[in-house]
Amino acid sequence: MSKQLEKKLNTLEILRHSTAHILASAILEMFPEAQFAIGPAIENGFYYDFDLPRTLIPEDLPILEEKMKKIIQANYPFEYAEISVQEALKKFEDSKQPYKIQLIKKLIQKGEAKVSIYKTGKFIDLCKGPHLDSTGEIKTEAFKLTKISGAYWQGNEKNKMLQRIYGTVFNSQKELKKHLQLLAEAEKRDHRKLGKELEFFMISEEIGKGLPLWLPKGAFIRKKLEDYMYELERKNGYDFVYTPMLTHENLYKKSGHLSHYRADMYNPIEIEGENYYLKPMNCPHHHMIYKNKPMSYRNLPLRLADFSPLHRFERSGVLSGLIRARTFSQNDAHIYCSKDQVNNELDKVLSLFQKVYQDFKIQDYWFRLSLPDIEDKEKYGDISNQKLWKQSTEYARTALENSGEKFKEITGEAAFYGPKIDVQLKNVLGKEDTLATIQVDLYSPERFDIEFINSEGKKERPIIIHRSIMGSFDRFFAFLVEKYAGAFPLWLSPQQIAIIPVSEKFEDYGETLKKDLLAADIRVSIFKQNDSLGKKIREAEKQKIPYMLIIGEKERENKTVTLRKRNEKKQEKLSLSELIQKIQQEIKEKK
C-alpha cells in the first residue's frame, strides 16, 4: 500500500469515526435517556450501538440525518480531554451510561490510570480518537445513514440486544453517490435475497441459526461444484477419504486445536465418560490416515481429499447466510510430500487454482502471503522452532514468485501452525474477502510424529500442504450467486432451457422437444401455465433460465424452435439438431 493511499484511508477513518459521534449526538437529542455502547469507523462507513427506549424504524433515519446536518452546521469542536479513570467512572455513572462503565472497569482491571474523552456539543464519549477539529469539516451532502440492525453487546448472544445504526460518509457527494449505487447493486445480488427468490436454500429458526437447508435447485448446483472438483482432483492424483463427524478430544489436544481454536468449537459431548467434539476441520484426521501404515518415499506425494461436513461455533451476530454458517463442507485436501517435492507440489496446487478460476470466469483475484506475528505470543508463542517457520515461509514465497501471480505479504494472518497463501478478491461491496487458502505446515509432522523412510533408509519428516481451492462449497456457492447475480452459466444451471408454447395446443410439440432434449442430457421443462406469452417469458427470466424455446404454428410445421437467450430480445431460428449441438458445445466449453 502506498503512503499516499494509507494517508487517505487514515483520513477517511477519522472522518467516519467523527461522523459516528455526530450520529450519537443526534440520538441524544432524539432520546435524552439513550444509553451508548460503541461507535467505530468500519470499512466504507461507521456504526454506533445504542440501548434505546423504543425500537427504531426506517422512518427514523431521515429524521436523524436532519439532526446530524444541524450539528454539522453548528460547527461544534471535538473537544479532547484526558482524565483519571475514577473521574471517568463517576462522570458516566452520573449520566447513567452502563456500557461505558463496563468499559472503564475493564480498563481499571488492566491497570490503566487515565482515559481520554471527547465532547461534541452535549454528547460526551469515552474514546481514544483521533477526531476532526470540528463538526463543520464534514460535508452535509456527503453522508448517509444506511440501515438499522440488531447487535448483541460485545458480540455475545448472552448479552442484551442493542440497536445498531449503520452509516457511510465520504469527502464528496460524488463519492457518496458512487458508493450508494454500489450498495444498491450489492443488495440486488445478495446471495441471501437471491437464495430465497430462486429457491436455492433456506434457513429455518426451528432447525437452528446458521444451519442451512439446501433446496433442490441449490443442491443441484452444489453437487455440480462437488462433481467438478472430484473429477479435477482425481485426474490430478488425489485420493478421496471420508472422516467422522465426531472426534475424541485427545486428537484435538495433540493437534493444538483445543488450545488455539477452542472458542470456535462446539461444547464437548460426553459419551461413556469421555469427551467428543463435532469436527471443525479435517487435518488431524488425515494425519491419522497417513499414520495408518508405515510410509516410504515411494508412497509420496500422498494427496488426500475430503468433502466431509464440518461444524464450527459461529456467534449468531456474525452469521450471514452461506458465507458464515455453523455447518459447511470444505473442498479440502492435504498433501504429504518430501522436501524435494514441495516446490513442485505447490506449483501444481497454484496451477489448479488458476484452472478452476478460469473455468468459473473469476478474475481480479490476487494472492496474500499471510505470515506470523512473532510478537503475538497468544497465537504463535508455543511454536519455539522459528527455523521451521522461516523454512515454510520460504517455500510459500518461492511458489508465489514462480507462479507469476501478483501477491502481497501481510503479518499476523498466518495459521498457528504455518504461513498461508490466501486467495483474495473483492466481493460485491468492493470489500476484500478471502475465498480460499493454501498452508505450508512443518509444525504438525512434529506434533503427530509423522515420518517416512527416505531413499537412504532413514526416517524423515514429510511436509504437509493444506489446500482448499474453493474454500467451502457453501461459501463458494454464495460467492458465485453474487458474482452471477443468480444467473448461473448454462453448464451450472439447474434448468437450462424453458420450452414456452404460445398456446396450449402446441404443448404436444413441446413434449416431443423435451423428450429429445432430455435424451441429449439437457435440463429442460415446459411452461404449461395458462398465461400470456409475455408473462411466461418474464417468469423464465425471473427464474434466470439461460434459454427459452418459443414454439408456435410455424415451429411445429417446420420442426424448428425459436431460441431466445436470457435477458436478450434477439431471437434465432434453429432445427432441433442445431439447438442440441449449440447447447452441448456451450456446456463443454463452460461458456
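The values are calculated or read from the model by the stated rules, or taken from the named source; none is laboratory data. None of the values given here were measured: they were computed from a predicted structure. Cβ sites come from the backbone with ideal geometry, for glycine too, and all protein chains shown count toward neighbours.
Structural remarks
- Top-ranked residue of region 493-512 - restricted to ones that are in a loop (DSSP other than H, G, I, E, B) and at pLDDT 95 or above, ranked as surrounded by the fewest Cβ atoms within 10 Å (Cβ to Cβ): Gln495
- Filter result (in a loop (DSSP other than H, G, I, E, B), surrounded by 16 or more Cβ atoms within 10 Å (Cβ to Cβ) and modelled with pLDDT of 95 or more) within region 514-542: Ile522, Arg523
- From the list Lys158, Lys128, Lys147, Lys122, the one residue that fits, being in contact (Cβ under 8 Å) with a residue 12 or more places away in the chain, touching a strand residue (DSSP E or B) at 6+ places or on another chain (Cβ under 9 Å) and over 30 Å from Lys544 (Cβ atoms), is Lys128.
- First in region 65-90 and at positive phi, second anywhere and surrounded by 14 or more Cβ atoms within 10 Å (Cβ to Cβ) and outside any helix (DSSP H, G or I), Cβ under 7 Å, 6 or more apart: Asn75/Ser134
- Filter result (more than 16 Å from Glu504 (Cβ to Cβ), surrounded by fewer than 20 Cβ atoms within 10 Å (Cβ to Cβ) and in contact with a strand residue (DSSP E or B) (Cβ under 8 Å, 6 or more places away or on another chain)) within region 544-557: Lys554
- Of the residues making up region 460-476, just one is part of a loop (DSSP other than H, G, I, E, B) and crowded, with 20+ Cβ neighbours inside 10 Å, namely Pro462.
- Selection of region 339-380 for residues being assigned to a helix (DSSP H, G or I) and at pLDDT below 85 yields Lys377, Glu378, Lys379, Tyr380.
- If you filter region 477-515 down to residues that are over 22 Å from Lys590 (Cα atoms) and among the acidic types (Asp, Glu), you find that the one that is nearest to the chain's Cα centre (by Cα) is Glu511.
- Residue-level analysis places Lys177 outside the set of residues that are in the same structural domain as Lys69 (by TED's automatic domain parsing), in a loop (DSSP other than H, G, I, E, B) and of a type outside the set (Gly, Ala, Ser).
- Contact annotation: residue pairs with Cβ atoms under 8 Å, 6 or more positions apart or on different chains, pairing a residue in region 170-184 that is closer than 12 Å to Ile138 by Cβ with a partner that is aromatic (Phe, Trp, Tyr), are Phe170/Phe143; Leu176/Phe143; Leu176/Phe170.
- Scanning region 91-137 for residues that are among the basic types (Lys, Arg) and either within 37 Å of the chain's Cα centre (by Cα) or not in a strand (DSSP E or B) (or both) yields Lys91, Lys96, Lys100, Lys105, Lys106, Lys110, Lys122, Lys128.
- There is no residue in region 90-98 that is in contact with a Phe, Trp or Tyr (Cβ under 8 Å, 6 or more places away or on another chain), of a type in the set (Phe, Trp, Tyr) and surrounded by 13 or more Cβ atoms within 10 Å (Cβ to Cβ).
- Odd one out for Gly121, checked against (1) closer than 17 Å to Tyr47 by Cα; (2) touching a helix residue (DSSP H, G or I) at 6+ places or on another chain (Cβ under 6 Å); (3) at pLDDT below 95; (4) not basic (Lys, Arg): (1)
- For beta carbons closer than 6 Å, sequence separation of 6+ or different chains, a first residue in region 259-282 that is over 14 Å from Phe313 (Cβ atoms) and a second that is of a type outside the set (Phe, Trp, Tyr) and in a loop (DSSP other than H, G, I, E, B), the qualifying pairs are Asn275/Pro268; Asn282/Thr243.
- The set of residues from region 434-459 being surrounded by fewer than 18 Cβ atoms within 10 Å (Cβ to Cβ), part of a strand (DSSP E or B) and either among the hydrophobic types (A, V, I, L, M, F, W, C) or touching a helix residue (DSSP H, G or I) at 6+ places or on another chain (Cβ under 8 Å) (or both) comprises just one member, Ile453.
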